[in-house]
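Inspection log for the structure reproduced underneath, given as structure tokens.
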Amino acid sequence: MTPPRVLLVAPDRSYRTGAFVNAGRALGIQITVASWGQAPLALNGGGIRLDPLSPESSLTRIRDADSGAPFVAVLATDDATVPLAHEISLELGLSTNDPSALHASTNKLSFRQTCEERGIAAPCYTVLEPEAFAPDKIAPVEFPCVVKPLSLSASRGVIRCENQEELLKAIPRVRRLISHEDSQGDKRVLIENYIEGDEYSV
């Protein structure tokens, strides 16, 4: 019996790719990695190298790979590849999520707003606009609080602040990280109440 094929869309050098591939092997699923880096070409020679400058040529390569043994699903490893995985799924006629759900899954503010609209409990929050990084423009918050960039994932830039002094140090730090990691991303910063509970760092 031929194992089901799943297309894994990953950014260049994503640390999550290996875990997905290993999980697929354990489940008897054939994983094909599509990425714009060199790594997918080394995975048993079955990877698909995407061209970041030519989406159409990338889709052509994926259609060619799909024609012989169709993919049953398309997965994104990281926030950065969620939109691309969505487009590929549509191109191949596979089920995918609604665009509003995709946006909520990759944007912290959109997720908080969706929870509010659906009556789902979530921490109180405020959003700091890029032009409002001056101390006198920060809305009052309760401490401890958590500062988060809207556009980054994998806990990058998430900082717990115990008081106003730590908050004023954290905001410029997060702002610099956003500029370095995602110059085209959302520049706003989320500040939300800290929820007590067990903390785990890996």
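Can you bin the range 5-101 into rounded, prolate or oblate? Criterion: square roots of the alpha carbon gyration tensor eigenvalues sorted a ≥ b ≥ c, rounded for a/c under 1.5, prolate for a/b above b/c, oblate for the rest. Walk me through the numbers before you get to the answer.
Numbers: a/c = 1.20, a/b = 1.15, b/c = 1.05.
Here the range 5-101 falls in the rounded category.
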With θ set to phi - 60°, apply the Karplus curve 6.51 cos²θ - 1.76 cosθ + 1.60 along the range 87-102 and write out the HN-Hα couplings as whole Hz, x wherever there is a Gly or Pro.
5, 5, 4, 4, 4, 8, x, 9, 5, 8, 7, 5, x, 5, 5, 4
Would you mind calculating the relative contact order of the chain from Cα pairs under 8 angstrom and at least 6 residues apart, reporting the percent as a whole number?
16
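Give me the number: length gained by fully extending Ser153 to Asp198, i.e. 0.36 nm times residue separation minus the C-alpha to C-alpha distance, one decimal in nm. Present the calculation step by step, with values, prior to reporting the outcome.
Values: separation 45, 0.36 × 45 = 16.20 nm, distance 2.07 nm.
Using 0.36 nm per residue and subtracting the Cα-Cα distance, I get 14.1 nm.
If contacts are Cα pairs under 8 angstrom and at least 6 residues apart, what is the relative contact order of the range 108-193 in percent? Provide the component values of the computation, followed by the final result.
Values: 125 pairs, mean separation 34.2, N = 86.
Relative contact order of the range 108-193: 40 percent.
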Residue separation between Ala122 and Val72 times 0.36 nm, minus their alpha-carbon distance, gives in nm 14.5 nm
Local electrostatic count, Ile62, Cβ distance below 15 Å [Lys/Arg +1, Asp/Glu -1]
-2
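What's the longest bit of the chain with no exposed trypsin sites (Lys or Arg not before Pro), using DSSP loop states and at most 15 other Cβ atoms within 10 Å as the test?
Details: sites that count: Arg13, Arg16, Arg118, Arg156.
In short, 17-117.
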Between Arg160 and Cys115, what length comes free when the chain is fully extended (0.36 nm per residue of separation minus the Cα-Cα distance, one decimal in nm)?
14.0 nm
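Which value in deg cm²/dmol, rounded to the nearest 500, describes the helix-derived mean residue ellipticity at 222 nm for the chain, given -39,500 (n - 2.57) per DSSP H run of n ≥ 4 and division by the residue count? Provide the component values of the computation, followed by the final result.
Details: 6 runs with 71 residues, N = 202.
Only helices count here, giving -11000 deg cm²/dmol.
Values in this text are rule-based calculations from the coordinates and carry no lab data. Source: prediction; values computed, not measured. Every residue, glycine as well, gets a Cβ built from its backbone with ideal geometry; the counts of neighbours run over all protein chains shown.
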